[in-house]
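First the structure, in the form of structure tokens, and then the observations on it.
Derivation of every value follows stated rules applied to the coordinates shown; laboratory data play no part. Quick caveat, the model's predicted, so the values are computed rather than measured. A quick note on method: Cβ atoms are made from the backbone with ideal geometry, for glycine too, and the neighbour counts reach across all protein chains shown.
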Amino acid sequence: MVITDIQTERQTILLNKPFKTALRTVTHAQSVIVRLSVDNGLCGWGEAVPTMMITGESIESIEAAICQTINLPPTEVSHF
């Protein structure tokens with residue numbers, strides 16, 4: 001199988017009520033949705049959720065990791 005297309009979308013979802021911890025209050029959740037297509041017509045979906053205070057990941061670092069992993073320049077990843 002050969003990757004023929006990859007698309008990403010940033011998503012922000014408002015929480016029904018704030019999530020409070022000793023470190024912060026969160027009112028929304030962000031994620032990156034990924035759609036990957038291959039040459040035999042199959043496609044797969046995935047999601048990555050950044051948690052800067054825990055993992056050190058941001059939306060931007062997740063998108064960069066996707067591009068680095070599949071060896072594509074960011075300009076060749078489309079957004080839906």
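Observations, loosely collected:
- At R0 = 30 Å, FRET efficiency that the Cβ-Cβ distance of Gln7 and Thr27 yields, to 0.05: 0.65
- When log10 I(q)/I(0) by the Debye sum over Cα atoms at q = 0.14, 0.20, 0.26 Å⁻¹ is calculated for this entry, the matching label among (i) -0.59, -0.87, -1.19; (ii) -0.55, -0.91, -1.28; (iii) -0.65, -0.96, -1.16 is (ii).
- Under 5 Å from the amide H of Asp5 lie the amide H atoms of Ser37, each residue being 5 or more positions distant or on a separate chain, with H modelled from the backbone and absent for Pro and chain starts.
- The angle between the Cα long axis of helix 59-69 and the longest principal axis of the Cα atoms of the chain comes to about 30 degrees, rounded to the nearest 10.
- Residue-span extension gain [Met52 to Ser37] - 0.36 nm each, minus C-alpha spacing: 2.5 nm
- Each Lys or Arg adds one and each Asp or Glu takes one away; over the other residues whose Cβ falls under 12 Å from the Cβ of Thr27, this sums to +3.
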